[in-house]
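The block underneath contains the structure these notes are about, expressed in structure tokens.
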Amino acid sequence: MITTSQWPLPAEGIRFLTPAFMLEQLHRHPLTRDCYPTAMGYYPHARGHRMRRPRHDDNLLLYCVDGRGRLRLGEQRHDIGGGDLMLLPQGLAHSYAASREQPWSLYWVHFQGVSSRIFMEYLGYRPGKAVVHAGIAPPLIAGFHSLLAVTKTGYSSSAFINAANQCRHLFTQFVLETNRQRATHPAGMDLEAIQNTMQENIHRTLELEELAAIAHLSKYHFSNRYKALTGYSPIKHFLHMKIEYACQLLDSSELSVKAIADAVGYDDALYFSRLFRQTMGLSPRAYRSSVRK
């Protein structure tokens with residue numbers, strides 16, 4: 001059973017529970033059973049808002065876009081501010097409350113599904129780590145507005161199927177924004193500047209030392225941090241950018257494979273073709289033939 005707070009809802013607030021008959025459909029439908037919303041809402045300037053759940057039967061994501069509040073998990077206490085994301089998986093006892101002086105504004109969604117635990121982990125939840133900073137990002141707020149549009153559809157099945165997939169998309173957007181926040185944090189590195197350098201030098205070879213120097217880090221620390229943010233080593237990611245550009249040239253020009261190899265910084269066309277095949281699964285010529293059919 002979903003337990004939401006009894007906070008008095010103002011005219012501009014939203015609190016919506018998915019009806020039982022729709023939950024059954026979403027649980028069974030192949031396009032939604034992985035992850036679907038069971039309740040959702042928006043609490044603006046939620047003075048007096050508080051909740052305590054010794055037993056939690058659902059998964060809950062709360063996104064603070066203004067004000068402050070507190071989250072308690074056992075002996076852990078977290079101060080919550082604008083841009084913070086609270087991740088509360090099924091089974092995790094918790095309590096939270098808005099600040100009296102600066103009450104928070106929250107978007108929130110309860111969700112279920114066979115992949116809900118995987119989504120929680122992808123969002124960044126770990127035991128002992130239930131808060132991540134995503135920043136105040138217009139795409140995330142817009143994503144919640146799109147999700148909340150389902151509250152005025154008369155329980156349309158197709159609208160709920162769309163909402164379930166919007167929910168998944170919103171979660172992956174949160175991960176993108178969280179990574180951007182880490183990359184631009186003063187203690188982090190300017191990932192955008194590094195990747196701009198890669199794009200500007202797509203026609204030549206860049207050594208790891210050159211990229212590490214931009215980040216003012218040793219090769220070792222730079223490589224580890226870059227991989228933590230992107231999932232790839234810097235040199236592997238640079239190779240992917242080169243192959244991406246090579247695909248554009250193969251599709252949009254009549255340049256020879258050797259000329260395209262030169263354009264992405266490889267003197268040896270055979271070596272380039274080998275790298276291309278390893279990445280794309282087919283040779284440059286076969287790729288050109290496939291996209292022009």
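The values are calculated or read from the model by the stated rules, or taken from the named source; none is laboratory data. Since we're looking at a predicted model, the values are computed, not measured. Counting neighbours? That spans all protein chains shown, and the Cβs are built from the backbone with ideal geometry, glycine included.
General observations
- Within the range 111-120, considering residues that are aliphatic (A, V, I, L, M) and touching a residue at least 40 places away in the same chain (Cβ under 8 Å), the one surrounded by the most Cβ atoms within 10 Å (Cβ to Cβ): MET120
- Among the candidates LEU62, LEU31, LEU85, residue that is in the same structural domain as SER157 (by TED's automatic domain parsing), surrounded by fewer than 18 Cβ atoms within 10 Å (Cβ to Cβ) and under 19 Å from THR172 (Cβ atoms): LEU31
- Failed item in (1) under 30 Å from ILE118 (Cβ atoms); (2) surrounded by fewer than 18 Cβ atoms within 10 Å (Cβ to Cβ); (3) in contact with a Lys or Arg (Cβ under 7 Å, 6 or more places away or on another chain), with ARG180 passing the rest: (3)
- Residue match in the range 215-232 (condition: within 23 Å of the chain's Cα centre (by Cα), over 27 Å from GLY83 (Cβ atoms) and touching a residue at least 40 places away in the same chain (Cβ under 8 Å)): no
- Close Cβ contacts (under 8 Å, 6 or more residues apart or on different chains) running from residues in the range 153-178 that are under 14 Å from VAL109 (Cα atoms) to residues that are of a type in the set (Asp, Glu) comprise ARG168/ASP34.
- Residues in the range 200-216 that are surrounded by fewer than 17 Cβ atoms within 10 Å (Cβ to Cβ) and part of a helix (DSSP H, G or I): GLU200, LEU208, GLU209, GLU210, ALA213, ILE214.
- Residue in the range 230-248 that is charged (D, E, K, R), surrounded by 18 or more Cβ atoms within 10 Å (Cβ to Cβ) and in the same structural domain as ASN201 (by TED's automatic domain parsing) present: yes
- Single residue of GLU244, GLU200, GLU254 found to be farther than 30 Å from ALA134 by Cβ and either at pLDDT 90 or above or within 24 Å of the chain's Cα centre (by Cα) (or both): GLU254
One line per residue, one yes/no per condition, for (1) free of Cβ contacts under 8 Å to residues at least 12 places away in the same chain; (2) in contact with an Asp or Glu (Cβ under 9 Å, 6 or more places away or on another chain); (3) polar (S, T, N, Q); (4) under 23 Å from ASN165 (Cα atoms):
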| residue | (1), (2), (3), (4) |
| --- | --- |
| ARG15 | no, no, no, yes |
| ALA20 | yes, no, no, yes |
| ARG47 | no, no, no, no |
| GLY69 | no, yes, no, no |
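- Residues in the range 101-133 that are within 13 Å of ASP66 (Cα to Cα) and either assigned to a loop (DSSP other than H, G, I, E, B) or of a type in the set (Lys, Arg) (or both): GLU101, GLN102, TRP104.
- The selection criterion, being crowded, with 17+ Cβ neighbours inside 10 Å, at pLDDT below 95 and either at negative phi or aromatic (Phe, Trp, Tyr) (or both), does not hold for LEU23.
- Filtering the range 103-110 for residues that are surrounded by fewer than 16 Cβ atoms within 10 Å (Cβ to Cβ), under 17 Å from the mean Cα position of the chain (by Cα), among the hydroxyl-bearing types (Ser, Thr, Tyr) and at pLDDT 95 or above leaves an empty set.
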